[in-house]
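What follows is one structure encoded as structure tokens, with my remarks underneath.
The values are calculated or read from the model by the stated rules, or taken from the named source; none is laboratory data. Predicted model, so just to flag it, every value in this text is computed and none were measured. Note that we place each Cβ from the backbone using ideal geometry, even for glycine, and neighbour counts take in every protein chain shown.
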Amino acid sequence: MLIDYRPEPFTDFTDEKNRKDFEQALQKVEQELGRDYDLIIGGERIRTENKIVSINPALKEQVVGTVSKADQHLAEKAIQAAAKTFESWKAVPPDHRARYLFKAAAIMRRRKHEWSAWLVKEAGKTWPEADADTAEAIDFMEYYARQMIKLGERHPLTRLPGEDNELYYIPLGVGVVIPPWNFPLAIMVGMTTAAIVAGNTVVLKPASTTPVIAAKFIEILEDAGLPPGVVNYAPGSGAEVGDYLVDHPITRFISFTGSREVGLRINERAAKHQPGQKWIKRLIAEMGGKNSIIVDKDADIELAAHGITVSAFGFSGQKCSACSRAIIHESIYDQVLARVVEMTNGLKMGDPRNPSNFMGPVVDEPAYNKILEYIEIGKKEGRLMTGGEKGDEAGFFIKPTIFADVHPEARILQEEIFGPVVGFTKARDFDHALEIANNTEFGLTGSVYSRNRAHLEKARTEYQVGNLYFNRKCTGAIVGVHPFGGFNMSGTDSKAGGPDYLLLFTQPKLTSELL
């Protein structure tokens, strides 16, 4: 009997045994660094001359792995393999497809620390951040498998005498999955397994900064017995391979998580009908945010300051849900600002192999340079309170940075920085705070710290974000607990980890028989 879904528990690293187990996992991964990884198309391993070299962002000289790079010829091969496999995979019963996810989740759970160790190395995640990423990947598989079993059941309809009517959900076809680098395991696993458990086949084009983790996940799917061609691993450049896959007439849907700019480009290209294309392509997109935490005049200042600090600087601010705007009631502005600065100055930054470090590096050199450019802009738009400079240059380290007295229309309060930078601005009253919070083109997450019930209820209806939290941080959504996705330029509000997510990968069909 299938037990009810429960989120995977996080590891308690205060336990000595857990710490030793994680250290052993890091040592194991260290021994595997520098390996070559092939494309996997229709079950065939393909090695190419062109490579993607994945490096450790905390130690730029260390190569995590070398991954073969697809071109348009191999992208076509992957699409055709997925199309051929779809004809048999779509006929596999939903509960059978779900069992592949249960098996893959069990394999990952048994090797949980090993997976987290790969995240430390390739993504620069600290122990707790890596552990949460791995737990979320397990959660996605467990949750979507159960959701597919429910979706595969007979759906009740209004009955008419003398007729047998049935509504059921069938898969779409071949999908292109383009996951991000910041949750290179969890989001990649969630996007991929949601598509395949719904009966689709996939061409997976992982982020070029974190392709090794995706390659390792393909090994789990193979170990779980997933038929060849259901998931085809085809890393490559966005301009060459990504555009080709999005434009292809066989592509039925695109599942994308990434920047606003790339998401809009995909949306535009996917909307264009191609010769031989029989459908309107479907886009499932999550495109980032510019998230605010509002602190009301009667809020718990210590709780709010902690929430801002953790939301802004966890994983060096490289979360689409991260707090990059702190909107504080003017009567307590100085107190909250001073406490956040104090907390931030107490954060330790360094190589994430060391469990005492709260912050690691940013992901790569382009991100590093972009964030530093925004910091220079911030120095002109606000008052630098702390940070604003590089850390250890052995990796891509940037010190957590706080700017005070920033105008709500300033660039650092409007444009997505995706790094350890937060700007503070004053609000005259709660209505003014909501006005500022809603003044961006994004609408992903937000928080309100307040003891005023009327203000919380007003925010419930007027704060325009997909995930709104009261008196807690604005990061850390848990599968099945906090379905995740946002409004406006934050994407299609697809609610990953929610009960309606699989509907995006299916289409309903009715059959009616006269008896």
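Things to note:
- Selection count where residues are under 20 Å from residue 384 (Cα atoms), of a type outside the set (Gly, Ala, Ser), out of contact with any Asp or Glu (no Cβ under 7 Å at 6 or more places or on another chain) and not in a helix (DSSP H, G or I), scope segment 299-346: 6
- For segment 133-153, filtered to residues that are in a helix (DSSP H, G or I) and among the acidic types (Asp, Glu), the residue that is farthest from residue 365 (Cα to Cα) is 142.
- Scanning segment 455-471 for residues that are assigned to a helix (DSSP H, G or I) and either of a type in the set (Asp, Glu) or in contact with a Phe, Trp or Tyr (Cβ under 9 Å, 6 or more places away or on another chain) (or both) turns up 455, 456, 457, 458, 459, 460, 462.
- Qualifying residue in segment 137-146 (condition: within 25 Å of residue 260 (Cα to Cα) and either assigned by TED's automatic domain parsing to the domain that holds residue 96 or in contact with a Lys or Arg (Cβ under 8 Å, 6 or more places away or on another chain) (or both)): yes
- Of all the numbered requirements in (1) under 29 Å from residue 121 (Cα atoms); (2) not in a loop (DSSP other than H, G, I, E, B), residue 384 misses one, and that requirement is (1).
- Picking from residues in segment 154-182 that are in a loop (DSSP other than H, G, I, E, B) and among the charged types (D, E, K, R), the one that is farthest from the chain's Cα centre (by Cα) is 159.
- Qualifying residue in segment 480-503 (condition: over 25 Å from residue 261 (Cα atoms) and assigned to a helix (DSSP H, G or I)): yes
- If you go through segment 148-164 and keep only what is in contact (Cβ under 8 Å) with a residue 40 or more places away in the chain, surrounded by fewer than 24 Cβ atoms within 10 Å (Cβ to Cβ) and within 15 Å of residue 505 (Cα to Cα), you end up with 149, 151, 152.
- Filter result (among the aliphatic types (A, V, I, L, M) and either farther than 27 Å from residue 478 by Cβ or free of Cβ contacts under 8 Å to residues at least 24 places away in the same chain (or both)) within segment 4-34: 33
- Set 371, 328, 301: member being assigned by TED's automatic domain parsing to the domain that holds residue 438, under 20 Å from the mean Cα position of the chain (by Cα) and hydrophobic (A, V, I, L, M, F, W, C): 371
- Options 436, 417: the member that is assigned to a helix (DSSP H, G or I), outside the structural domain of residue 126 (by TED's automatic domain parsing) and of a type in the set (A, V, I, L, M, F, W, C): 436
- All positions within segment 76-98 that are of a type in the set (Gly, Ala, Ser) and part of a helix (DSSP H, G or I): 78, 81, 82, 83, 88, 98
- Of everything listed in (1) in contact with a Pro (Cβ under 9 Å, 6 or more places away or on another chain); (2) at negative phi; (3) of a type in the set (Ser, Thr, Tyr), the single unmet condition for residue 316 is (2).
- Within segment 37-75, the set of residues being more than 26 Å from the chain's Cα centre (by Cα) and either basic (Lys, Arg) or not in a helix (DSSP H, G or I) (or both) comprises 42, 43, 44, 45, 46, 47, 48, 49, 50, 61.
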